[in-house]
Amino acid sequence: LNRLFRYFLRKIFTTSVEKQHQNPNSAMDPARECEGKGACELKSNKRFADKIMPHLLNLYGSSAKANDFDMYAPNASFEDPLTHAQGVKQIKSAFYSLPKVFGESKIVEYHIQESETSPGKKEILIDNKQHYKIMGRNIDMISLIKLYVEDGKIVRHEDWWDKKPLRNRDTVSFPLVGRVMEMGRRGLMLATHAMMGFGKDPDSQ
C-alpha cells in the first residue's frame, strides 16, 4: 500500500513538472493571456515610471540619445537649482551638457512613488542618490526628482537637490529675491543652450 501511495505521488509530481516544461509561460508569467492568438499581449500593470526610468538613467548618466527625450511633451519644462529649461530642445541642451562638465555622472540608487492625481494625470516622485566626478573629485548627492505627467507625457521635471524645494518667488521670504534667482537660472540655461547648438542631437552635429 505504501509503495502504491508513493507511486501516485511520484506520478502527480512528474505530470505537474512536464506541464510546466510544455508551457513555461503559464508558470512563469501569470500576467500573460490568450497565448498563441493574434491579440495576445501582457496585461498592462506596469507603472509609467518603470517605462521611462531607463531613459532617465541615460539622461543623468551622460549617455542621453535623441529617443530618450520622447517621454517629454513638446512644451515640457525642466528645473533644478542651477537651470530652468523650457521646451524639449532646451531640456536636451541641459542634459547633453553633463559630459562636458563632469567626468562621470549617474543615479546610483532610487526609489519610486507614482500616484494618479486626476484622470490622465500622474505625479512621480523619485527619491535618489546621484554620483558625480568633477576634476577628479567624487561628489554624492541626495535628490528628489518630481515628474508631472499628463496624457502619457512629462510636462514638468523638477530636481530638488538635498530634497529642498526650488527657490523662487513663491518659496523665499522676499519675492524679489526669488525672482532674481529665477532669472539667473533662465540666463544660465540660455547660455548653455547656445553652447550646445540649441539642442542639436549629438549624431546630427
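The values are calculated or read from the model by the stated rules, or taken from the named source; none is laboratory data. Treat the numbers as computed from the prediction; the structure is a model and nothing was measured. Positions of Cβ are backbone-derived with ideal geometry, glycine not excepted, and every protein chain shown enters the neighbour counts. Note: accessible area is taken over every heavy atom of the protein model, side chains too, but ligands, DNA and RNA are not part of it. Shrake-Rupley method; radii C 1.70, N 1.55, O 1.52, S 1.80 Å.
Restricting attention to the stretch 90-99, does a residue exist that is modelled with pLDDT under 95 and open to solvent by less than 30 Å² (accessible area, probe 1.4 Å)?
No, because not a single residue in the stretch 90-99 is modelled with pLDDT under 95 and open to solvent by less than 30 Å² (accessible area, probe 1.4 Å).
Of all residues being open to solvent by less than 40 Å² (accessible area, probe 1.4 Å), at pLDDT below 95 and in contact with a Gly (Cβ under 9 Å, 6 or more places away or on another chain) in the stretch 160-193, which is farthest from GLN90 (Cα to Cα)? Just the residue, please.
So the residue we want is VAL172.
When residues of the stretch 120-159 are filtered for being of a type in the set (D, E, K, R), open to solvent by less than 40 Å² (accessible area, probe 1.4 Å) and touching a Lys or Arg at 6+ places or on another chain (Cβ under 7 Å), how many remain?
1
Inside the stretch 64-86, can you point out the residues that are in contact (Cβ under 8 Å) with a residue 24 or more places away in the chain and part of a loop (DSSP other than H, G, I, E, B)?
Answer for the stretch 64-86, where residues must be in contact (Cβ under 8 Å) with a residue 24 or more places away in the chain and part of a loop (DSSP other than H, G, I, E, B): ALA64, LYS65, MET71, ASP80, PRO81, LEU82, THR83.
Would the stretch 76-88 turn up any residue that is farther than 15 Å from ASP159 by Cβ, open to solvent by less than 50 Å² (accessible area, probe 1.4 Å) and either more than 13 Å from the chain's Cα centre (by Cα) or among the hydroxyl-bearing types (Ser, Thr, Tyr) (or both)?
Checked the stretch 76-88: at least one residue is farther than 15 Å from ASP159 by Cβ, open to solvent by less than 50 Å² (accessible area, probe 1.4 Å) and either more than 13 Å from the chain's Cα centre (by Cα) or among the hydroxyl-bearing types (Ser, Thr, Tyr) (or both).
Cβ-Cβ below 8 Å, separation at least six or inter-chain, first residue in the stretch 126-146 and within 15 Å of PRO165 (Cβ to Cβ) and outside any strand (DSSP E or B), second at pLDDT below 95 and open to solvent by less than 30 Å² (accessible area, probe 1.4 Å): which pairs?
From residues that are within 15 Å of PRO165 (Cβ to Cβ) and outside any strand (DSSP E or B), there are no pairs.
So, of the residues in the stretch 100-119 that are surrounded by fewer than 17 Cβ atoms within 10 Å (Cβ to Cβ) and of a type in the set (Val, Ile, Thr), which turns out to be farthest from the chain's Cα centre (by Cα)?
Restricting to residues being surrounded by fewer than 17 Cβ atoms within 10 Å (Cβ to Cβ) and of a type in the set (Val, Ile, Thr), the top hit is VAL101.
Determine which single condition PHE198 fails, assuming it passes every other condition in (1) closer than 24 Å to MET141 by Cβ; (2) open to solvent by 50 Å² or more (accessible area, probe 1.4 Å); (3) in contact (Cβ under 8 Å) with a residue 60 or more places away in the chain.
(1)
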